[in-house]
1. For region C:5-29, give me each residue that is more than 8 Å from DNA strand F (Cβ to nearest atom) and either at pLDDT below 95 or surrounded by fewer than 20 Cβ atoms within 10 Å (Cβ to Cβ) (or both).
2. Of B:Ala47, B:Ala23, B:Ala95, which residue is more than 12 Å from DNA strand E (Cβ to nearest atom) and of a type outside the set (Val, Ile, Thr)?
3. Is it true that B:Gln59 is away from DNA strand F (no atom under 15 Å from the Cβ), farther than 19 Å from B:Leu126 by Cα and either among the aromatic types (Phe, Trp, Tyr) or in a helix (DSSP H, G or I) (or both)?
4. For residues that are over 22 Å from B:Ala128 (Cα atoms) and either within 16 Å of DNA strand E (Cβ to nearest atom) or open to solvent by 50 Å² or more (accessible area, probe 1.4 Å) (or both), tally how many sit in region B:56-82.
5. Could you list, in sequence order, all residues of region D:173-190 that are in a helix (DSSP H, G or I) and more than 8 Å from chain C (Cβ to nearest Cβ)?
6. What's the number of the only condition in (1) surrounded by 15 or more Cβ atoms within 10 Å (Cβ to Cβ); (2) under 30 Å from C:Gly193 (Cβ atoms); (3) not basic (Lys, Arg) that C:Pro90 fails to meet?
7. Does C:Thr68 count as in a helix (DSSP H, G or I), among the β-branched types (Val, Ile, Thr) and at pLDDT 95 or above?
8. List, please: which pairs have Cβ atoms under 9 Å, are six or more places apart or on different chains, and start with a residue in region A:44-61 that is away from chain C (no Cβ under 14 Å) and end with one that is more than 8 Å from DNA strand E (Cβ to nearest atom) and open to solvent by 70 Å² or more (accessible area, probe 1.4 Å)?
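The values are calculated or read from the model by the stated rules, or taken from the named source; none is laboratory data. None of the values given here were measured: they were computed from a predicted structure. So basically every Cβ, Gly included, is an ideal-geometry build from the backbone, and we count neighbours across all protein chains shown. To get the accessible areas, we keep the full protein, side chains included, count just its heavy atoms, and leave off ligands, DNA and RNA. Shrake-Rupley method; radii C 1.70, N 1.55, O 1.52, S 1.80 Å.
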There are 4 protein chains.
Amino acid sequence: MSRPDALLPRKSPRQRRARLTVASLLEAAAQLIETQGMDGFNTNAVAERAGVSIGSLYQYFPSKDALTLALLEREAGRFEADALAALEAPDGPAALRHLIGASVRQQLERPELARLLDEQEGRPELRAHLDKGRFGQLIDTLLQRPGLPRQMDAALAAADVAALIRGLVDGAGERRETDLADLQRRVEAAVFGYLERAAAAAPGGQGRECESGMRAGPGPA
Amino acid sequence: MSRPDALLPRKSPRQRRARLTVASLLEAAAQLIETQGMDGFNTNAVAERAGVSIGSLYQYFPSKDALTLALLEREAGRFEADALAALEAPDGPAALRHLIGASVRQQLERPELARLLDEQEGRPELRAHLDKGRFGQLIDTLLQRPGLPRQMDAALAAADVAALIRGLVDGAGERRETDLADLQRRVEAAVFGYLERAAAAAPGGQGRECESGMRAGPGPA
Amino acid sequence: MSRPDALLPRKSPRQRRARLTVASLLEAAAQLIETQGMDGFNTNAVAERAGVSIGSLYQYFPSKDALTLALLEREAGRFEADALAALEAPDGPAALRHLIGASVRQQLERPELARLLDEQEGRPELRAHLDKGRFGQLIDTLLQRPGLPRQMDAALAAADVAALIRGLVDGAGERRETDLADLQRRVEAAVFGYLERAAAAAPGGQGRECESGMRAGPGPA
Amino acid sequence: MSRPDALLPRKSPRQRRARLTVASLLEAAAQLIETQGMDGFNTNAVAERAGVSIGSLYQYFPSKDALTLALLEREAGRFEADALAALEAPDGPAALRHLIGASVRQQLERPELARLLDEQEGRPELRAHLDKGRFGQLIDTLLQRPGLPRQMDAALAAADVAALIRGLVDGAGERRETDLADLQRRVEAAVFGYLERAAAAAPGGQGRECESGMRAGPGPA
DNA sequence: CATGAATGAGTGTTCATTCAT
DNA sequence: TATGAATGAACACTCATTCAT
């Protein structure tokens, strides 16, 4: 907590072995969080499960928070790899649908992990170091796409959409839902419903879009 | 964690002094959680801030979790006192609007507390002892009211609406929003949008309601 | 008390330093029990007297009971190292005399420690994990040797002899006796007297042994 | 621990109600010790089980040790009421047999209580205030009676006999024996065996008594 | 006198982090 | 560089005892 860089990985692993070590540490952390909750997530246990000494863990991560952060980023990366394809969708609704799909997939793949990491993102120590709103920014971008109702405050709408997606998928995860398609359908209902009505509430909103392409299309594979 | 009743209050305060002690303990816990996050929430600190000895805390709460639970219930009680009025609203939309209002008020009054307590509700040790889904059940009831689109799976829809409200208000709390009316408007957009579209998606959905009383009315007092 | 393995040593010390740590912890525990009684036996004090941090104690002993158990076993080991030679004695009486000698030596060496540890053995949490009756079993074996009166219920007789030895030497320890030879003489009187008379009481007991080799011989060195 | 009289009952209960309160406190203590071991024996629990406030407990007993002591004395009194009849026995062996009978009865009636209280007697804080060796003194007296082998050191022999009886009956209690007659038989074997041989070992011991009235008679009623 | 709320030193235990080897 | 022994601040919780009501 002392040094300002206490959250950055201590060194980028250049050698292959080092990269492997880092990867096993992250996966060990993920598994512990999944199976035992945040209570079971302690550095000694992570090291042990990774088959590495606690000293080695601190070679690569200067603090527990740094490890948490790295895991958060690993998951964010996985999500983005999936979500960025949304940018290539033909129009706004399709793009948004793809993004929702990515969220749903991410969540239902490792629900407990996703949910608990979501909570960690709220921790003040981590928030500062998080590419915060990368998710929100992506949505922000997509909301500009044609075919979606123009929002008064785009950033706010993006944040709302992000929060709304997160709330729904976390809830589904807690209930151990597994039906991706159904969840996708409901999230789309909420997102597109919100966009339409929030926009409409603004003076001069465009009711016309009520029957636009926003109506549930085929959705992503 | 030893006894099964380790979460029930240890003894009910009979004397006035005792009731005061319990109240200060709960409020001290609330304040600590608000100002320092869950990290600052430890039994010794709670007792100190309440101006009471640690022994007194354990006279009334057999464990830290019991204290957390009691706080959770205190807040749930406050919410319900506000929310139950929804049952007296003339129709479904009005009732739902009132419920959303209660949620928004609760959240924006003590945003950090509300958010962190929401997270605590997810802890397995507590979930079991929680009147789980009191919120969801209330919504479930309201969704049956006339004026709202009939949902295929009412319980699921209720859970979704609950998750969606919670996601949006938590997000607003994190961003330290203070404009209750605007937040209310957006949550209504999401909720009514979801209900309409989720219902519509079901075969034989009723497009007619698109212009029904669900459209933003004056909102709750 | 939580995990079932909370009494097994947590990890075996591999490095020399670790072995030293464990040994000092055990000896510190022994000394505290000796000098301050069980009241002074608390983990923090043990660690401090051992010149080790409390954390180190818990590296090797998962709980206070585990430490107690280990100490119990250390002492049992010392006793057995001495007592097992009894098996090589030429006949029953000689063997029994040797065993009594070992008991007497053990007791008078560190009387308070021996007495208090004896009491600990009775604690339910520990009894389960104790090679219970190793002492009794040894006696059981010796009682089969020639030259000793045959007992009706050998196991019961063995238990009685064990209890009787323990009672006498504990009592002597409490009185701070130091004359090993005299104590040995009296314990032999009780043990052989018991064996002869308990056997005689059974129908067809052999009064003949009244003047056998059971009469106090020279005893062990 | 401060006042020198911290172990004496704070006041002799004169009124009938007070005597009742004291009695229920003692019995509550006894039951807690029996059922939960010394761990369950704490002042608050005793008061609660006795149906009395903790404040009242401290009205009658200035400290926990005072309560323990009083319980110890209650049990000693019960024992003596039974044992003193031994003084009226016609000869030494009969008297001793009666004493053994009293010990056996006392032990098997409430074995766990008896055993744990025996251990408490060893506590330094209590030993000082105990009519120590009332048991030993009684034996001492009995050993002077005709018909028993003369011992060199009568006090030592008495202590040995006491320790030996206690060891055997405690052991039997731990094994949850219930056959009073058999236990009595074995204790007599040990006691008389010890007396005969310990005496015989002294120069000029009287082998003659080998077949004296010490041989197991009918035993006490 | 009885009550029971309040006290607080004390105890067992955890876990992030350091550093000698 | 990797190891794992060691550290110690921090924390949950207990219980003998006091004292205002």
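1. Step one: filter region C:5-29 for residues more than 8 Å from DNA strand F (Cβ to nearest atom), giving C:5-10, C:12, C:16, C:19, C:23-29.
C:Asp5, C:Ala6, C:Leu7, C:Leu8, C:Pro9, C:Arg10, C:Ser12, C:Arg16, C:Arg19, C:Ala23, C:Ser24, C:Glu27 - these are the residues of region C:5-29 that are more than 8 Å from DNA strand F (Cβ to nearest atom) and either at pLDDT below 95 or surrounded by fewer than 20 Cβ atoms within 10 Å (Cβ to Cβ) (or both).
2. Working: B:Ala47 fails: more than 12 Å from DNA strand E (Cβ to nearest atom); B:Ala23 fails: more than 12 Å from DNA strand E (Cβ to nearest atom).
Going through B:Ala47, B:Ala23, B:Ala95 in turn, just one is more than 12 Å from DNA strand E (Cβ to nearest atom) and of a type outside the set (Val, Ile, Thr): B:Ala95.
3. Working: away from DNA strand F (no atom under 15 Å from the Cβ): no; farther than 19 Å from B:Leu126 by Cα: yes; either among the aromatic types (Phe, Trp, Tyr) or in a helix (DSSP H, G or I) (or both): yes.
No, not satisfied.
4. First, the residues of region B:56-82 that are over 22 Å from B:Ala128 (Cα atoms): B:56-57, B:59, B:81-82.
Next cut, either within 16 Å of DNA strand E (Cβ to nearest atom) or open to solvent by 50 Å² or more (accessible area, probe 1.4 Å) (or both) only: B:56-57, B:59, B:81.
Total satisfying the criteria: 4.
5. Applying the first criterion (in a helix (DSSP H, G or I)) to region D:173-190 yields D:173-174, D:180-190.
D:Gly173, D:Leu180, D:Ala181, D:Asp182, D:Leu183, D:Gln184, D:Val187 - these are the residues of region D:173-190 that are in a helix (DSSP H, G or I) and more than 8 Å from chain C (Cβ to nearest Cβ).
6. (1)
7. Values: in a helix (DSSP H, G or I): yes; among the β-branched types (Val, Ile, Thr): yes; at pLDDT 95 or above: yes.
For C:Thr68, the condition - in a helix (DSSP H, G or I), among the β-branched types (Val, Ile, Thr) and at pLDDT 95 or above - is met.
8. Final answer for the pair search is A:Tyr58/A:Arg10; A:Gln59/A:Arg10; A:Gln59/A:Lys11; A:Tyr60/A:Pro9; A:Tyr60/A:Arg10; A:Tyr60/A:Lys11; A:Phe61/A:Pro9; A:Phe61/A:Arg10.
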